[in-house]
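Enquirer: Have a look at this one before I ask anything.
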Amino acid sequence: MTEGHGDDIYRYDDIRINFSSNVYTHADLSKLEEHLREMVGMIRNYPEPEPFSLEAVIARKYDIPTECVLVTSGATEAIYLIARTFALQQESFSASILHPTFSEYEDACRMYGIPTLPDNDANTHSILWLCNPNNPTGSVVSPEKIQQYAQQFDYVVVDQSYEDYTQAPMLTPQEAVSSDNILQLHSLTKTYAIPGLRIGYIVAPSHLISLLRQYVGPWTVNALAIEAGKWLMENDVRVLPDLNTYLTETERLRQRLNQIPGIKAAETQTNFFLAQITPNTAAELKDYLARNHHILIRDASNFRGLTPHHFRISTQSPQENDLLVNAIEEFMQRKKMFPTWE
């Protein structure tokens, strides 16, 4: 799905505060930018056909075999690669997807002709797609539950793109490698707040990585992305805020929103959460905030299982969070006083 995601800042003239993307927007990337300026001459040559050097760095970091790592152009490429790979096997696979969740799992299966089953329904040659932490709800499935799913389904794809935004226990790369049927997705895009560079990777048993490699095209990851990934991981760079402080602020924002009549913000285990607005729609609220306050939120109505009243918020700084709350209060008050006001 190329349309309908969050972070559609390009649609508006002057967005100043972005609550729409789950990626942390205040990361200090100055040292990475300086390093890439020094390495920009790399663009004169082709990158590695497959980014083996970055895969080796990842393998060393997690103490797993290099043949159990496959780097992709963002986690989204990994999703489509997995769907394409299973679609081209002799067996006919079906997919189970727990909704509401990231739309690309269903889109990838549809693109390659893999039928989807009802939520959490296992069938012959079945693949479970699991976003953990889940986008857009912020909920987390325990490693123990994932291992149970691995007994129930032929294959389990665990997308851990937001793993660095939660304090809940996560399935480790070592656990994924030691399994027979778990494919674990990771996103350097989220970990280092660099969505423009598109870097992700898959950790899985070597026989599954070997199968996936048969369907990877050459040069899918560009030279600067490979260099950025290696530099960030080798230097153990951290750009996200203190997680305990960040999640405490998330809970403060959630509680403040719940004090506004007509707004209900759901519990979460990460930095983003779902909210509902009544009687107005999320689209109306989004448009008002963008036009009048230069604030962007995520209209979540296009997630399967949600309604036109759902929107998603990703925590920003305390000052920006307070501006959001005040702007939503203003919207609700004006709509109450002038129902037809625009």
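What follows is calculated from the coordinates using simple rules that are stated; it is not laboratory data. The model shown is predicted, which means the values in this text are computed figures rather than measured ones. Please note: Cβ atoms are built from the backbone with ideal geometry, for glycine as well, and neighbour counts cover all protein chains shown.
Enquirer: May I ask you to derive the FRET efficiency for Arg84 and Arg37 from their Cβ-Cβ distance with R0 = 41 Å, giving the value to the nearest 0.05?
Expert: Efficiency at R0 = 41 Å is approximately 0.70.
Enquirer: Based only on the alpha carbon positions, what is the Kirkwood hydrodynamic radius of the stretch 125-198, in angstrom?
Expert: Computed over Cα pairs of the stretch 125-198, the Kirkwood hydrodynamic radius comes out at 12.7 Å.
Enquirer: Taking R0 as 45 Å, what's the FRET efficiency between Thr66 and Asp14 from their Cβ-Cβ distance, rounded to 0.05?
Expert: 0.45
Enquirer: Residue separation times 0.36 nm, minus the C-alpha to C-alpha distance between Arg44 and Tyr215: what's the value?
Expert: 58.9 nm
Enquirer: Over the chain, what is the mean sequence separation of C-alpha contacts under 8 Å (at least six apart), divided by residue count, expressed as relative contact order in percent?
Expert: This gives 22 percent for the chain.
Enquirer: Also, quick follow-up: Do the alpha carbons of any pairs in Lys31/Lys190; Lys190/Lys286; Lys190/Lys336; Lys145/Lys190; Lys61/Lys145; Lys61/Lys190 sit beyond 29 Å of each other, and which pairs?
Expert: Pairs exceeding the cut-off: Lys190/Lys336.
Enquirer: Moving to a separate point now. Mean projection of the alpha-carbon convex hull of the stretch 16-175 over all orientations, in nm²?
Expert: Result: 12.2 nm².
Enquirer: On to the next question. Of the candidates Tyr149, Tyr165, Tyr192, which one comes out as most mobile in a Gaussian network treatment of the chain with C-alpha springs shorter than 10 Å?
Expert: Tyr149
Enquirer: Next question, about the same structure. Could you calculate the contour length gain from Arg291 to Ala56, that is, 0.36 nm times the residue separation minus the distance between their Cα atoms, to one decimal place in nm? Numbers along the way, then the final one.
Expert: Values: separation 235, 0.36 × 235 = 84.60 nm, distance 4.69 nm.
Contour length minus Cα-Cα distance gives 79.9 nm.
Enquirer: Further question on the same structure: Normalise the Debye intensity by I(0) for the stretch 204-258, one equal point scatterer per Cα, no solvent, then take log10 at q = 0.20, 0.21 Å⁻¹ and round to two decimals.
Expert: For the requested q values the scattering log ratios are -0.85, -0.87.
Enquirer: Using a Gaussian network model of the chain whose springs link C-alpha atoms within less than 10 Å, name the residue from Phe52, Phe102, Phe273 with the highest mean-square fluctuation.
Expert: Phe52
Enquirer: Okay, which of the stretch 60-76 sit inside 15 Å, backbone N to the point 7 Å along the Cα-Cβ direction of Leu243?
Expert: none
Enquirer: Using the count of nearby Cβ atoms within 10 Å as a rough guide to exposure, how do Lys230, Lys190, Lys61 rank from fewest to most?
Expert: Ascending number of Cβ neighbours within 10 Å: Lys61, Lys230, Lys190.
Enquirer: Continuing with this model, one more query. Using a simple spin-label model with points 7 Å from Cα along the Cα→Cβ vector, what separation in nm is obtained for Lys230 and Glu267?
Expert: A separation of 4.6 nm, rounded to one decimal place.
Enquirer: Moving on. Between Ser178 and Lys145, what FRET efficiency comes out of the Förster formula 1/(1 + (r/R0)^6) with R0 = 25 Å and r the beta carbon distance, rounded to 0.05?
Expert: 0.90
Enquirer: Then there's this: Normalise the Debye intensity by I(0) for the chain, one equal point scatterer per Cα, no solvent, then take log10 at q = 0.13 Å⁻¹ and round to two decimals.
Expert: Debye intensities relative to I(0), on a log10 scale: -1.03.
Enquirer: For the stretch 153-167, what does the Karplus curve 6.51 cos²θ - 1.76 cosθ + 1.60, with θ = phi - 60°, yield as ³J(HN,Hα) per residue in whole Hz, taken in order and with x for Gly and Pro?
Expert: So the J values, rounded to whole Hz, are 10, 5, 9, 10, 9, 10, 8, 9, 4, 9, 4, 8, 10, 9, 9.
Enquirer: Oh, and also: Please list, ordered by chain and number, the residues whose modelled amide H lies under 5 Å from the amide H of Ser96; skip anything fewer than 5 residues away on the same chain.
Expert: Residues meeting the amide H criterion: Leu117, Ile127, Leu128, Trp129.
Enquirer: Moving on. Compare the Cα positions of Ile43, Ala108, Asn271 along the charge dipole of the chain (+1 at Cβ of Lys, Arg; -1 at Cβ of Asp, Glu; about the Cα centre) and return the one farthest towards the positive end.
Expert: Toward the positive end, the furthest listed residue is Asn271.
Enquirer: A further question follows. For Arg304 paired with Arg252, estimate the spin-label separation in nm (one decimal), with each label point 7 Å from Cα along the Cα-to-Cβ line.
Expert: 3.9
Enquirer: May I ask you to derive the relative contact order of the stretch 30-234, considering only C-alpha pairs under 8 Å and at least 6 residues apart, and to give it as an integer percent?
Expert: Numbers: 379 pairs, mean separation 58.8, N = 205.
Answer for the stretch 30-234 is 29 percent.
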